[in-house]
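Written out below as structure tokens is the structure these notes cover.
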Amino acid sequence: MTNGKSIGDTLLRVDDVSVSFGAVAALTDVSFEIREREILAIIGPNGAGKTTMLNVLNGVYQPDHGTMTFNDRTYTRMRPSEAAEHGIARTFQNVALFRGMTTLDNIFTGRTLKMKSNLFMQAIYWGPAQKVEREHRQAVERIIDFLEIEEIRKVPVGRLPYGLQKRVELGRALAAEPKLLLLDEPMAGMNLEEKEDMCRFILDVNEEFGTTIALIEHDMGVVMDISDRVVVLDYGRKIADGHPDVVRQDSAVIDAYLGVAHDAA
Amino acid sequence: MLFALEVAISGLLSGIMYSLVALGFVLIFKASGVFNFAQGAMVLCAALTFVRLLELGVPFWIAAGITLIVMMVLAVVIERIVLRPLVNQPLIILFMATIGLNFFLEGLAQGVWDAQVHGLQLGIDDLPWEPLANSTGMLISIFDLSAALICGVLVASLGVFFHKGRIGRALRAVADDHQAAMAVGIPLQHIWAIVWAAAGIVALVAGALWGQRLGVQFSISLVALKALPVLILGGLNSISGVIVGGLLIGAGEKLAEVYLGPIIGGGIENWFAYLLAMVFLLFKPYGLFGEEIIERV
């Protein structure tokens, strides 16, 4: 899928990142990079450390050692709100929407950092604040159009079916106009049609906005179709990194997914 | 008839005093989805600090200022030590933490100051308002009127601050899902510190007004119990709901005491509010203005 679009320089580099929870090593010396405008898939069997990796990237977990270099600045840790300020947005494996709020309001929260007016000014000068609100409303409406969720604009998201909730969550992440978009299993639990829609949206985001995307996905068909590059984790270590067609043939990857003879139970 | 009106008005005004305490609960509930068990202890803390400073000879407004600062520092410390480590934990754990906080603050306040009963005079007389008494014969306390006025101003300003656009949305977002709120860049920690500080300020006002009425002592933390029915009527997450809830409870219990009291025996004032709350729980569990929880089944 590298046709036409130009993959740029490294946007984010992960160097020797290790994370452990007590005695469990979730990630061990993982290094890889995400390049501008590419779609990178992180795959691996259950418990391989994929979600932990995303949690490190947006600051939920602090690595025991190792660094991340984002936009030429190196961090040993950043807090989730800092990651958001630097332009890293994400969605969650188990949809993490604000359930009592409408689709519109959920997507609005994604613009928190774009709405520069100070919290206090917002409360006091409410004329200018209204103007700001209107401008952002336009941006939010563009996203709603883009994701084709006009009909559910005013519906509290807690009432929506799962597939649509995932789409609203993508919308909230897009509202931040991120440089890097992290998607944790964007297609989990979806039917075929919903998956195809989601694939289309991910590809469109990547092409139209030039957003760099790193995603975790279990559906191999999807991974091979949409990603430019694949990183494979197994037991917290990186075992392969490359073009989908190359990774597919990799013997370590095949072993990890199918099990090797000596530890087949 | 005039008597009934007088009873109703004094009931409404005393209800506003309950609203004042309920307001602190609502603020914290809105921002974290948690019932703050320690609100009563915060009222005690604020009132005790204030009255002891006054007794030490600190001028009124400076004492008020210092207490205000103490309550704000307390909010920041609570956020840093108690709340921050509990981000992303189930809400019940946050709730349990506020129970612990309650005992800690009660102990702290009485340990630093003392456990004696202190009289507090705010310089507002608890006497009938003369012009009204002279023209209509109704005896309505100046203190009650002032308290209602103060409470109204407080509710209106907090209502404006916490309801509009982005802040209102940020509060609801934080209450709904900590992790997602942080991921979209809402500064969860700051919001909690601000809201707890606001609840601390409300506690000071409530503590001072109730302090004059009851004397500042341990039992002042029990006024929180009277705030519970107000919350149930008004809705746990509605700032304007506390006013309506307070008015209904206040007027209801006073009228019941006066008109039902002779029929079924006195003391109705002590339990009528809870009965009203129970009836509400049966028919309108989210209160009059509370946000209904939406679940997909």
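We did not get these values from a lab; they are worked out from the coordinates using the rules stated. Just so it is clear, the structure is predicted and the values come from calculations on it, not from any experiment. Please note: Cβ atoms are built from the backbone with ideal geometry, for glycine as well, and neighbour counts cover all protein chains shown.
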*asked:* Ignoring solvent entirely, what values of log10 I(q)/I(0) come out of the Debye formula for the protein assembly as shown at 0.10 Å⁻¹ when each Cα is a single scatterer?
replied: -0.89
*Cα shape, the stretch B:1-113, gyration tensor, a/c 1.5 rule*: oblate
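If r is the Cβ-Cβ distance from B:Leu225 to A:Gln130 and R0 is 45 Å, what FRET efficiency results, to the nearest 0.05? Display every interim value, and only then the final one.
Values: r = 41 Å, r/R0 = 0.91.
So, using R0 = 45 Å, E works out to roughly 0.65.
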_Taking 51 Å as R0, compute the FRET efficiency from the Cβ-Cβ separation of A:Thr67 and A:Arg153 and round it to 0.05._
0.75
_From phi via Karplus (6.51, -1.76, 1.60), per-residue ³J(HN,Hα) for the stretch B:134-142 in Hz, x at Gly/Pro_ = 5, 7, 10, x, 7, 9, 10, 5, 4
*Taking Cα centroids, how far is the stretch B:222-297 from the stretch B:24-58 in Å?*
22
_Candidate aspartates and glutamates - alpha carbon under 12 Å from A:Lys50, same-chain residues fewer than 8 apart omitted_ = A:Asp184, A:Glu185, A:Glu217, A:Asp234
_Packing-based exposure ordering (other Cβ within 10 Å, fewest first) of A:Lys50, A:Lys114, A:Lys195_ = A:Lys114, A:Lys195, A:Lys50
*Cα-based helix-to-principal-axis angle, A:126-146 vs chain A, degrees rounded to 10*: 50
*Amide H contacts of A:Thr212 (H built 1.01 Å from N, under 5 Å, at least 5 apart or other chain)*: A:Arg37, A:Leu181
*Quick one: Karplus J couplings for the stretch B:99-109, per residue in order, coefficients 6.51, -1.76, 1.60, θ = phi - 60°, nearest Hz, x for Gly and Pro?*
5, x, 4, 4, 5, 4, 5, 4, x, 4, 4
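When a/c is below 1.5 the answer is rounded, else prolate if a/b is larger than b/c, else oblate, so apply that to the stretch A:5-80 with a ≥ b ≥ c taken from the square roots of the Cα gyration tensor eigenvalues.
Values: a/c = 2.27, a/b = 1.44, b/c = 1.58.
Oblate.
What is the diffusion coefficient of chain B in µm²/s, taking the Kirkwood radius over Cα pairs and the Stokes-Einstein relation at 20 °C with a viscosity of 1.002 mPa s? Mind showing how you got there, number by number?
On the way: Rh = 19.9 Å.
The estimated diffusion coefficient comes to 108 µm²/s.
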*Loop-located GluC sites (Glu not before Pro) in the stretch B:189-297, at most 16 other Cβ atoms within 10 Å (DSSP)*: B:Glu292, B:Glu295
_Between 0 and 90 degrees, rounded to the nearest ten: what's the tilt of helix B:223-234 against the longest Cα principal axis of chain B?_
80
*Assuming R0 = 41 Å, what is the FRET efficiency of B:Ile124 and B:Ile99, from their Cβ-Cβ distance, to the nearest 0.05?*
0.75
*Pairs beyond 32 Å (Cα-Cα), from B:Lys254/B:Lys284; A:Lys5/A:Lys154; A:Lys114/B:Lys30; A:Lys5/A:Lys166; A:Lys114/A:Lys195*: A:Lys5/A:Lys154
*Could you work out how far the C-alpha centroid of the stretch A:11-37 sits from that of the stretch B:128-193, in angstrom?*
46
*Whether the stretch A:154-204 is rounded, prolate or oblate, judged on the alpha carbon gyration tensor where a/c under 1.5 counts as rounded*: oblate
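Give the order of A:Phe70, B:Phe104 when sorted by the count of other beta carbons within 10 angstrom, beginning with the fewest.
Values: A:Phe70 21, B:Phe104 14.
Ranked by crowding around the Cβ, least crowded first: B:Phe104, A:Phe70.
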*For chain A, modelled as a GNM with alpha-carbon contacts under 10 angstrom, which of A:Ala25, A:Ala41, A:Ala188 fluctuates the most?*
A:Ala25
*Kindly write out, for the stretch B:124-132 in residue order, the coupling ³J(HN,Hα) from the Karplus curve 6.51 cos²θ - 1.76 cosθ + 1.60 (θ = phi - 60°), rounded to whole Hz, with x marking Gly and Pro.*
10, 6, 8, 10, x, 7, 4, x, 5
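Using a 10 Å cut-off on Cβ to Cβ distances, tally the other chain neighbours for every residue of B:121-129 and report the average as a whole number.
Details: counts 0, 0, 0, 0, 0, 0, 0, 0, 0.
Mean inter-chain Cβ contacts per residue within 10 Å come to 0.
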*asked:* With viscosity set to 1.306 mPa s at 10 °C, what whole-number translational diffusion coefficient in µm²/s follows for the stretch B:59-142 from Stokes-Einstein and a Kirkwood radius over Cα pairs?
replied: 94
_Output the 0 to 90 degree angle, nearest 10, between the alpha-carbon long axis of helix B:239-255 and the longest principal axis computed from the alpha carbons of chain B._
30
*Per residue of B:170-182, what is the mean number of Cβ atoms on other protein chains within 10 angstrom of that residue's Cβ?*
6
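Can you put B:Lys226, A:Lys131 in order of Cβ neighbours within 10 angstrom, beginning with the fewest? Write out the running numbers ahead of the final one.
Values: B:Lys226 23, A:Lys131 12.
By the 10 Å Cβ count, ascending: A:Lys131, B:Lys226.
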*Non-local amide H neighbours of A:Tyr75 (under 5 Å, H modeled in plane, Pro and chain starts lacking H): which ones?*
A:Met68, A:Thr69, A:Phe70
